[in-house]
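Some notes on the structure that comes next.
The values are calculated or read from the model by the stated rules, or taken from the named source; none is laboratory data. All figures in this text were calculated on a predicted structure; none of them were measured in a lab. With ideal geometry, Cβ positions are generated from the backbone for all residues, glycine too; neighbour counts draw on all protein chains shown.
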């Protein structure tokens, strides 16, 4: 009984801006917010404004391949929905232990 930690506590909490420092074709604008799972930011790209959701990976044993497949399936299903823009790209940054979702900023 009593309080128990349900997950791995982050040893270091980074700002959302720090995840874009080595991506040269994205220019950080501002934070749109942070939740327990995602940090959200609009960024400037040469093709137009983009929203990026950053998921900081705290558990190094966490495999994201099944989640990426589910996102691809969801992207296909939402393709015809005009009021729900799907993410256009999913990427993983091994150097900073983070996954990123990209979509057009509207």
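Residue-wise test of (1) more than 15 Å from residue 101 (Cα to Cα); (2) in a helix (DSSP H, G or I).
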| residue | (1), (2) |
| --- | --- |
| 44 | no, no |
| 51 | no, no |
| 60 | yes, no |
| 63 | yes, no |
| 68 | no, yes |
| 74 | no, yes |
| 83 | yes, no |
| 90 | no, no |
Condition broken by residue 84, with the remaining ones in (1) within 16 Å of the chain's Cα centre (by Cα); (2) farther than 22 Å from residue 17 by Cβ; (3) at pLDDT 85 or above satisfied:
(1)
Going through the range 87-106 one residue at a time, which ones are surrounded by 15 or more Cβ atoms within 10 Å (Cβ to Cβ) and either over 15 Å from the mean Cα position of the chain (by Cα) or farther than 17 Å from residue 38 by Cβ (or both)?
none
Modelled with pLDDT of 85 or more, under 12 Å from the mean Cα position of the chain (by Cα), surrounded by 10 or more Cβ atoms within 10 Å (Cβ to Cβ) and farther than 20 Å from residue 106 by Cα, is that true of residue 53?
no
